[in-house]
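For reference, the structure discussed in these notes is given below.
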């Protein structure tokens, strides 16, 4: 049996907090990616519309819908896609940082506790 010191417990707690944060970030990242895919689908649909006629396209801004022409809708979509891309990249960088922290803690904890500790996620 290996004795668990205060420092070991702090590492275990840090691992748990960082792992929970990573899981939350992954869920949020999946939602952002789905939103980006929805915007790309909407952009394709708008591009397939006949732009020769003055079609007003309802576009949601906040809680309201406004009617815009095709070029304005495409501009709004492009801006939203750019914002989402930026958010996704930032979130992926955060996720990478969490993974590095977790990998370092895994090395330290497995070195001390070996098979007496399980730090692997159930879905891996």
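Points to keep in mind about this one:
- Hits in the stretch 38-55 - residues which are more than 25 Å from residue 23 (Cα to Cα) and either surrounded by fewer than 13 Cβ atoms within 10 Å (Cβ to Cβ) or under 19 Å from the mean Cα position of the chain (by Cα) (or both): 40, 41, 44, 45, 47, 48, 49, 50, 52, 53, 54
- Among residues that are assigned to a helix (DSSP H, G or I), loosely packed, with under 11 Cβ neighbours inside 10 Å and out of contact with any strand residue (DSSP E or B) (no Cβ under 9 Å at 6 or more places or on another chain), residue 16 is not included.
- Of the residues in the stretch 54-65, at least one is at pLDDT below 90 and in contact with a helix residue (DSSP H, G or I) (Cβ under 6 Å, 6 or more places away or on another chain).
- Qualifying residues in the stretch 58-92 (those that are under 25 Å from the mean Cα position of the chain (by Cα) and in a strand (DSSP E or B)) - the one surrounded by the most Cβ atoms within 10 Å (Cβ to Cβ): 59
The values are calculated or read from the model by the stated rules, or taken from the named source; none is laboratory data. None of these values were measured; they are calculated from a predicted model. Note that we place each Cβ from the backbone using ideal geometry, even for glycine, and neighbour counts take in every protein chain shown.
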